[in-house]
1. Would you mind getting me the FRET efficiency between R181 and L3? Use the beta-carbon distance for r and R0 = 25 Å, nearest 0.05.
2. Loop-only check: which trypsin sites (Lys or Arg not before Pro) in region 16-50 are DSSP coil with at most 16 other Cβ within 10 angstrom?
3. What list do you get for L182, L152, L142 if you sort them by fewest beta carbons within 10 Å?
4. Starting from the Cα-Cα distance between S85 and S41, subtract it from 0.36 nm times their residue separation and give me the gain in nm to one decimal.
5. Under a point spin-label approximation (7 Å from Cα along Cα-to-Cβ), what is the V207-N92 distance to one decimal in nm?
6. Would you mind computing, in nm to one decimal, how far apart the modelled labels at T147 and L217 are, each placed 7 Å from Cα along Cα→Cβ?
7. Label points 7 Å out from Cα along the Cβ direction at F200 and I56: separation in nm?
8. What shape does region 1-66 take by its C-alpha gyration tensor, where a ≥ b ≥ c are the square roots of the eigenvalues and a/c under 1.5 counts as rounded, a/b above b/c as prolate, and the rest as oblate?
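FYI, it's all coordinate maths here, none of it is from the lab. These numbers were taken from a predicted model, which means no experiment stands behind them. In this analysis, Cβ positions are derived from the backbone assuming ideal geometry, glycine residues included, and neighbour counts consider all displayed protein chains.
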Amino acid sequence: MLLWTTFLLAFSALLPIINPVGSALIFLGLVGDVPPPLFRSLARRIAINNIIFLAIIELIGSLILRFFGISLPIIQLAGGLVITSIGWSLLNQKDAEGTTQSKQEEAEACDDKTKALEGKSFYPFTFPITSGPGTLVVTLTLSAHATRTTLLDYSLSHGGVFLAIVVISILCYFCYAYAPRLTRAISPGTVHGILRVMAFIVLSIGVQIMWNGFTALYSQLPAR
């Protein structure tokens, strides 16, 4: 039960931020008119890179917190605030291009047109187009939130986060591999509606994580 609860939490938080559909539109614009096998080859590399990249962040997140002396309630409070802010901004976007536009700006800032497409499978196609700074913050927060006292609960909670990363990376693969078909099959209005629903879920998740952190900090205050 803990595995699937953590999976749903991580999946709901990461999906709107990674936004496979919006990222696929950016990917299509950068790659251009190339043969379908190249789309699939690049999509496979990006999906694998994304799994490894986020898994490393998720696994060493707790070590990073201990190294800098940051407690779990603090990272829950701060991370929940970030997730809430992201959910609020997504919820109030005027059109479906909001997340896509922010990713486009990141891509244009770091894209080197002189390199071959194969050399861009990690940078910038994986980072920051697929998983940008916002994704790293959310993954680090989920890693801290998944920390448990017993080894079994620890493994199940972190396993749920990792499973969510794998599933979303697979979604990215299909969206990237068939990006030309995707743009013809899904209308912008449909994408916008889905993102609005997911944005509200992200907002609620952020508030819940903030509350967990606040409750833990409040319980540590000396009694009067």
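1. With R0 = 25 Å, the Cβ-Cβ based efficiency is 0.15.
2. none
3. In increasing order of surrounding Cβ atoms, one gets L152, L182, L142.
4. Once the chain is fully extended between S85 and S41, it gains 12.3 nm.
5. For the pair V207/N92, the computed spacing is 1.5 nm.
6. Once both label points are built, they end up 1.5 nm from each other.
7. The modelled label-to-label distance comes out at 3.9 nm.
8. It comes out prolate by the Cα gyration axes.
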